[in-house]
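Report on the following structure.
Derivation of every value follows stated rules applied to the coordinates shown; laboratory data play no part. On a predicted model such as this, the values are computed, not experimentally measured, just so you know. Positions of Cβ are backbone-derived with ideal geometry, glycine not excepted, and every protein chain shown enters the neighbour counts.
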Amino acid sequence: MNHIKRGVLALCLLASGGAFAADAVSLTIDTAKPGAVINKDIYGQFAEHLGTGIYEGIWVGPKSKIPNTKGWRNDVVGALKAMHVPLVRWPGGCFADEYHWKDGIGAREKRAVKVNTNWGGVEESNAVGTHEFFDLVEILGADAYVNGNLGTGNAQEMSEWIEYMTSDSKSTLANLRRKNGRDKPFKVAYFAVGNEAWGCGGNMSPDYYADLYRNTETFLRAPKQYRPKMLASGGNDNDTTWTETLSRRLKDKTAGISFHYYTIPTDKWEGKGAATGFKENEWFSTLSNTLRMDDHIARNVAVLDKNDPEKKIGFMVDEWGTWYDVEKGTNAGFLFQQNTLRDAVVAALNFNIFHAHADRVRMTNIAQMVNVLQSMIITDKDKMVLTPTYHAYEMYVPFQGATSLPLTLQNNPKYTLDGKSIPEISASAARGADGKLYLALVNTNPGQAADVALNIPGQTIKAVKGRVLTAEAMDAHNSFTTPQAIKPAPFSAAAGADGKLTVKVPAKAVIVVAVE
Ligand code: AHR
């Protein structure tokens, strides 16, 4: 049984009978068969020119009274650094499909003012452009993922952008970069040719896009040490036709095919469900819909395994997260929503799924970093709060670059509501870069704790130590008046006199512990 199947099993096994007490879930970690390395970029972020996702949210400009470094606000950037953001995708999203990079270079006061046609029809000052974005990622110590424009843009425009960013020659474009304040080339880790080509990126067919990609990629030349990993924009939801076509037609021309899947509680774009004040049926449907990510990845990976058995092509989930109705009284085009304990559980379930597929899923980007959809941080003028999703990310930091370990769950109870069920416990284990063994546990049931008995063949477990994120209310969240309403608390458990260790996972909780 390969590692992926084992990981999927860990989420799905509802088998009866464990080696432990009748009502305990039995969790066995196989440390002898390490799986794939969990690429740190699985914990990537997405910052689009959308609402206050960039302007106000992170960028305030160098002249702002809000303390900032090169225009990026210190409080937000400090919090993002503390959660070890490894990668930021920019400038979109649908915004990227109409973005012309030359609008965003040179003196800021002279830059073209455009209309952000996708997001609220507001004026786009282009104050944040290529140089400002690289200031941000360099301050964060993160890598850059730049998304090119294949909607209203073309091969020439993208080829010139790549030359501007990466050339160390004395070409006119490289010298223009120097004139604009940057001597050395920028380091672009990933460059995507287009976004959502099936929709806002141009309503294309997979074959038409594949032709355009092949044409464009031919001209994306960069010095070897600065050459980004080139990405193709793939499909979404249940559709595997993009992965099928692109993995066949773009072999050796792409490092990855992207994929988008959003969790919508009601499954309807009209009336998606509220971010707070929801009932248990929407807690359940949100988590149940999130678990579909596992099927989506498995189906696309099966296609990749057929067309790319050498595993050269990664499966990059470069947009995911919860998408609710916008908060009342806010601009519908700004996609602003609150963020609760439910979102933290959604994030953790997705992390566990990504880890289980780490040999193919090499990068993901939650949508989005600040103030938009499932964000890490919410701001209002000079104030800022950290969301439960932020805490899920910082709790999972030890998994960045860790080596995944197969695990099996037995006797995993079902969490059942209105005749539908999902597994109660989701888990993931990995050997961290520091040599320690880390375990993440999620209890999807909002009404009942679960006992999880740990077993590592050949090893005596003495204790587990780490943190837990939970709260009384399903929609517990932080606000500007109660910014610390929900945050992680210390968590530990020790082996009993019989040498066995059972972790009591509270209802609706996320736990990350080091196993000693
Ligand atoms: O994240 C918001 C939007 O969702 C992105 O701009 C687009 O790519 C997707 O449809």
For Arg342, Arg360, which order do you get if you count the other beta carbons within 10 Å of each Cβ and list the fewest first?
Arg360, Arg342
Residue-wise, which Karplus ³J(HN,Hα) couplings in Hz belong to the stretch 209-222, taking 6.51 cos²θ - 1.76 cosθ + 1.60, θ = phi - 60°, and x for glycine or proline?
4, 4, 4, 5, 4, 4, 4, 5, 4, 4, 9, 8, 9, 8
Eligible aspartates and glutamates near Lys381 by straight Cα distance, threshold 16 Å, same-chain separation 8 or greater:
Glu56, Asp75
Net charge of Cβ neighbours under 15 Å - reference Leu437; Lys, Arg +1; Asp, Glu -1
+2
Going through Lys187/Lys311; Lys268/Lys420; Lys40/Lys65; Lys253/Lys436; Lys33/Lys465; Lys436/Lys487 one by one, the pairs whose alpha carbons sit over 30 Å apart turn out to be Lys40/Lys65; Lys253/Lys436
C-alpha long axis of helix 280-307 to longest principal axis of the chain, angle in °
70
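Neighbour counts of other C-beta atoms within 10 Å: give me Ser205, Ser125, Ser26 arranged from fewest to most.
Neighbour counts put them in this order, fewest first: Ser205, Ser125, Ser26.
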In degrees between 0 and 90, to the nearest 10, how far off the longest principal axis of the chain does helix 130-140 point, with axes built from Cα atoms?
30
Proxy exposure order for Leu220, Leu176 (fewest C-beta within 10 Å first) is Leu176, Leu220
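Once every DSSP H run of n ≥ 4 in the chain is given -39500 (n - 2.57) and the sum is divided by its residues, what mean residue ellipticity at 222 nm do you get, rounded to the nearest 500 deg cm²/dmol?
So the helix-based figure for the chain works out to -7500 deg cm²/dmol.
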On a C-alpha basis, how far is the centre of the stretch 202-224 from the centre of the stretch 113-127 in Å? Whole number, if you could?
26
Roughly how many debye, to the nearest 20, is the charge dipole of the stretch 40-401 about its Cα centre, given +1 on each Lys and Arg Cβ, -1 on each Asp and Glu Cβ, and no other charges?
1220
Selection from Phe334, Asn445, Leu27 lying farthest towards where the dipole of the chain points positive, charges on Cβ
Leu27
Set the Förster distance to 60 Å, then compute FRET efficiency between Lys102 and Asp418 from the Cβ-Cβ distance, nearest 0.05.
0.65
Rh (Kirkwood; distinct C-alpha pairs) - the stretch 347-415, Å:
14.2
Please give every one of the aspartates and glutamates within straight-line cross-link reach of Lys81, meaning a C-alpha to C-alpha distance under 13 Å, and leave out same-chain neighbours fewer than 8 residues apart.
Glu138, Asp143, Glu394
Residue-by-residue Karplus 3J(HN,Hα) for the stretch 368-380, coefficients 6.51, -1.76, 1.60, Hz, glycine and proline x:
9, 6, 9, 6, 10, 6, 7, 8, 7, 9, 10, 10, 8
Between Asp318 and residues 5 or more places away or on another chain, which pairs have amide H atoms under 5 Å apart, with H built 1.01 Å from N, and which residues are they?
Phe259, Asn365
Roughly speaking, what is the centre-to-centre gap between the stretch 89-110 and the stretch 309-382 when only Cα atoms are used, to the nearest Å?
22
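Over all distinct Cα pairs, what is the inverse of the mean 1/r for the chain, reported as the Kirkwood hydrodynamic radius in Å?
Values: mean 1/r = 0.0427 Å⁻¹.
23.4 Å is the Kirkwood radius here.
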What is the sum of charges, Lys and Arg at +1 and Asp and Glu at -1, for the other residues whose Cβ falls under 11 Å from the Cβ of Leu386?
-1
Angle, helix 155-166 long axis vs. longest principal axis of the chain, Cα atoms, 0 to 90°, nearest 10?
80
Potential extension, Phe480-Asp75 segment - 0.36 nm per residue separation minus Cα distance
144.4 nm
Roughly how many debye, to the nearest 20, is the charge dipole of the stretch 239-335 about its Cα centre, given +1 on each Lys and Arg Cβ, -1 on each Asp and Glu Cβ, and no other charges?
320
Dipole-positive endmost among Met230, Leu246, Ser205 within the stretch 194-270 (Cβ charges, Cα centre):
Met230
For the stretch 301-381, the percent of all C-alpha pairs falling in each 5 Å bin, from 0 up to the bin holding the max distance, is 3, 14, 20, 19, 14, 11, 9, 7, 3, 1, 0
Of the convex hull drawn through the C-alpha atoms of the stretch 100-229, the volume per residue in Å³ is 116
